[in-house]
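Colleague: Below you'll find the structure I mean.
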Amino acid sequence: MDIDEILGVSRPVSLTNKSAIYVWGYNQSGQTGRREEERSLRIPKQLPPELFGCPAGGNSRWLDIACGREHTAAVASDGSLFTWGANEFGQLGDGSENARKHPKKVKQLQSEFVISVSCGAHCTVAIAEPRENDGSMSGRRLWVWGQNQGSNYPRLFWGAFSPSTVIRQVSCGAVHVVALSEEGLLQAWGYNEYGQLGRGVTSEGLQGPRVINGYAKFLDEAPELVKITQVSCGEYHTAAISEKGEVYTWGMGSVGQLGHCSLQSGDKELLPRRVVSLDGICIKEVACGGVHTCAVTAKGALYAWGGGQAGQLGVGPLNGFFLCKLNESEMML
């Protein structure tokens with residue numbers, strides 16, 4: 001069964017030529033892009049191409065999409081970035097704080113080819129390349145805006161990286177952001193009340209960017225620098241994959257979302273710590289929800305851990321929290 005059958009669409013669609021955006025869920029701030037329709041939507045519905053300036057049946061494609069708490073951002077195949085929904089912190093990047101119920105291009109990024117986007121609770125971060133580059137600028141640069149990002153317009157942001165750094169990936173938590181360079185370094189900024197910035201301490205208030213340089217492979221050995229290939233932020237925790245396929249997690253761990261059977265700092269882990277339960281398993285991708293974490297192995301098996309009271313672990317009815325036990329299914333994805 002393909003995606004159109006699942007979503008109830010009967011007309012044929014050539015996925016090699018075009019793609020579509022489907023939305024569902026709450027719409028109190030217009031985050032589903034359905035204009036005046038205030039009620040929540042329980043069944044996925046396609047947004048018409050005309051909303052994005054494409055003619056009906058046009059050859060539209062989408063490269064990336066991200067959801068914040070009440071706003072949405074999507075990257076079109078021509079490198080344009082569209083945003084819509086809540087905007088009380090300027091997270092739509094239009095210079096205002098007015099919510100918008102329909103998608104609109106972020107004009108300040110028209111000179112950039114946007115590659116990917118990530119949304120925090122009330123902020124947005126994008127990776128983009130200059131459309132015209134004489135070689136004096138790095139290829140993939142970071143743009144930030146919204147809550148705690150210093151602007152309600154997109155602004156170029158280097159943080160703790162040098163201006164020549166090429167950005168590989170970025171991920172937003174509720175109130176923190178982590179960016180990954182092509183060299184495998186992570187820098188993090190934002191709030192750190194649960195240790196989600198990986199600095200070995202908790203901190204009050206907004207924290208500036210800093211490179212994470214200590215990863216705990218073993219608790220009885222000094223932390224060392226590890227090359228990272230992918231990162232994902234949950235609400236107040238962070239997970240990353242090393243070049244060897246190891247998973248490191250840190251931040252809030254009160255419901256098992258870090259995958260450690262014990263924590264070093266109460267309900268938190270303040271330094272990136274290797275998930276030893278996954279020893280000998282090569283992980284290729286990790287993704288964090290609000291209070292749970294999932295990982296996909298190189299062989300296609302799915303592991304899940306953390307809070308499962310809403311069924312987010314996919315392991316059936318559970319009472320309380322799902323601690324330290326990984327989903328051992330070998331089903332190929």
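Colleague: Write out, first by first residue and then by second, each pair whose Cβ atoms fall under 8 Å of each other, whose residues are 6+ apart or on separate chains, and whose first residue, in the stretch 69-84, is within 16 Å of Cys119 (Cα to Cα) while the second is surrounded by fewer than 22 Cβ atoms within 10 Å (Cβ to Cβ) and acidic (Asp, Glu).
Modeller: If the second residue must be surrounded by fewer than 22 Cβ atoms within 10 Å (Cβ to Cβ) and acidic (Asp, Glu), the pairs left are Ala74/Asp64; Val75/Asp64; Thr83/Asp94.
Colleague: Follow-up. Among the residues of the stretch 32-52, is there at least one that is at pLDDT 90 or above, surrounded by 15 or more Cβ atoms within 10 Å (Cβ to Cβ), in a loop (DSSP other than H, G, I, E, B) and of a type outside the set (A, V, I, L, M)?
Modeller: The answer is no, given that none of the residues of the stretch 32-52 is at pLDDT 90 or above, surrounded by 15 or more Cβ atoms within 10 Å (Cβ to Cβ), in a loop (DSSP other than H, G, I, E, B) and of a type outside the set (A, V, I, L, M).
Colleague: On to the next question. On the given criteria, is Trp143 within 23 Å of Thr83 (Cβ to Cβ) and crowded, with 24+ Cβ neighbours inside 10 Å? Break it down into steps so the answer makes sense when it comes.
Modeller: Working: within 23 Å of Thr83 (Cβ to Cβ): yes; crowded, with 24+ Cβ neighbours inside 10 Å: yes.
The answer is yes for Trp143.
Colleague: Moving to a separate point now. Please find, among Gln149, Gln91, the residue that is of a type outside the set (Gly, Ala, Ser), within 29 Å of Pro49 (Cβ to Cβ), crowded, with 19+ Cβ neighbours inside 10 Å and at pLDDT 95 or above. Spell out the reasoning first.
Modeller: On the way: Gln149 fails: within 29 Å of Pro49 (Cβ to Cβ).
Sole residue among the options that is of a type outside the set (Gly, Ala, Ser), within 29 Å of Pro49 (Cβ to Cβ), crowded, with 19+ Cβ neighbours inside 10 Å and at pLDDT 95 or above: Gln91.
Colleague: Hey, another quick one. Against the conditions (1) surrounded by fewer than 21 Cβ atoms within 10 Å (Cβ to Cβ); (2) over 30 Å from Ser29 (Cα atoms); (3) at pLDDT 95 or above; (4) aliphatic (A, V, I, L, M), where does Ala121 fall short? Just the number, please.
Modeller: Looking at each condition in turn, Ala121 falls short on (2).
Colleague: For the stretch 174-189, state whether one or more residues are over 26 Å from Pro272 (Cβ atoms), in contact with a Leu (Cβ under 6 Å, 6 or more places away or on another chain) and in contact (Cβ under 8 Å) with a residue 40 or more places away in the chain. Show your work before the answer.
Modeller: Going through the stretch 174-189, the residues over 26 Å from Pro272 (Cβ atoms) turn out to be none.
No, that holds for no residue.
Colleague: When Tyr236 is evaluated against the numbered criteria (1) under 16 Å from Arg273 (Cα atoms); (2) of a type outside the set (Asp, Glu); (3) free of Cβ contacts under 8 Å to residues at least 40 places away in the same chain, which criterion, by number, is the only one it fails?
Modeller: It is condition (3) that Tyr236 fails.
Rundown of residues vs (1) hydrophobic (A, V, I, L, M, F, W, C); (2) assigned to a loop (DSSP other than H, G, I, E, B); (3) at pLDDT 90 or above, yes/no style:
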site	(1), (2), (3)
Trp250	yes, no, yes
Ser277	no, no, yes
Glu285	no, no, yes
Cys294	yes, no, yes
Leu318	yes, yes, no
Lys325	no, yes, no
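Colleague: Does Val178 count as in a strand (DSSP E or B), modelled with pLDDT of 95 or more and under 24 Å from Asp78 (Cβ atoms)?
Modeller: Working: in a strand (DSSP E or B): yes; modelled with pLDDT of 95 or more: yes; under 24 Å from Asp78 (Cβ atoms): no.
When the stated conditions are applied, Val178 does not pass them.
Colleague: Quick one: in the stretch 212-229, of everything that is among the aliphatic types (A, V, I, L, M) and in a loop (DSSP other than H, G, I, E, B), which residue is surrounded by the most Cβ atoms within 10 Å (Cβ to Cβ)? First the steps, then the outcome.
Modeller: Within the stretch 212-229, the first condition is being among the aliphatic types (A, V, I, L, M), and the residues that meet it are 212, 216, 219, 222, 225-226, 228.
Pick out the ones that are also in a loop (DSSP other than H, G, I, E, B) and you get 212, 219, 222, 225-226.
Numbers: Ile212: 26, Leu219: 12, Ala222: 8, Leu225: 12, Val226: 23.
Only one residue fits best here, namely Ile212.
Colleague: Looking at Pro209, is it closer than 26 Å to Gly90 by Cβ, more than 15 Å from the chain's Cα centre (by Cα), not in a loop (DSSP other than H, G, I, E, B) and not hydroxyl-bearing (Ser, Thr, Tyr)? Before you say what the answer is, go through the steps one by one.
Modeller: Working: closer than 26 Å to Gly90 by Cβ: yes; more than 15 Å from the chain's Cα centre (by Cα): yes; not in a loop (DSSP other than H, G, I, E, B): yes; not hydroxyl-bearing (Ser, Thr, Tyr): yes.
Here the answer is yes, as Pro209 does meet what is asked.
Colleague: Continuing with the same structure: Tell me, please, whether a residue that is among the hydrophobic types (A, V, I, L, M, F, W, C), over 15 Å from Val178 (Cα atoms), in a loop (DSSP other than H, G, I, E, B) and modelled with pLDDT of 95 or more can be found in the stretch 230-248.
Modeller: Here is the first cut: in the stretch 230-248, the ones among the hydrophobic types (A, V, I, L, M, F, W, C) are 231, 233, 239-241, 247.
From what's left, over 15 Å from Val178 (Cα atoms): 247.
Now narrow it down to the ones that are in a loop (DSSP other than H, G, I, E, B): none.
Among the residues of the stretch 230-248, not one is among the hydrophobic types (A, V, I, L, M, F, W, C), over 15 Å from Val178 (Cα atoms), in a loop (DSSP other than H, G, I, E, B) and modelled with pLDDT of 95 or more, which makes the answer no.
Colleague: What residue, of Glu112, Glu88, is among the acidic types (Asp, Glu) and farther than 17 Å from Ser29 by Cβ?
Modeller: Values: Glu88 fails: farther than 17 Å from Ser29 by Cβ.
Result: Glu112 is the single residue among Glu112, Glu88 that is among the acidic types (Asp, Glu) and farther than 17 Å from Ser29 by Cβ.
Colleague: Taking into account only those residues within the stretch 200-211 that are touching a Gly at 6+ places or on another chain (Cβ under 8 Å) and over 17 Å from Phe157 (Cα atoms), which is surrounded by the most Cβ atoms within 10 Å (Cβ to Cβ)?
Modeller: Going through the qualifying residues, I end up with Thr202.
Colleague: Related question: Sort out for me the strands (runs of 3 or more DSSP E) sitting completely within the stretch 71-173 that have 3 or more residues that are of a type in the set (Val, Ile, Thr).
Modeller: Details: elements: 71-76, 81-85, 100-105, 112-119, 123-130, 141-146, 151-156, 167-172.
Correct list: 112-119, 123-130.
The values are calculated or read from the model by the stated rules, or taken from the named source; none is laboratory data. Remember, predicted model here, so these are calculated numbers, not experimental data. Methodologically, a virtual Cβ is constructed for each residue, glycine included, from the backbone with ideal geometry; neighbour enumeration extends over all protein chains shown.
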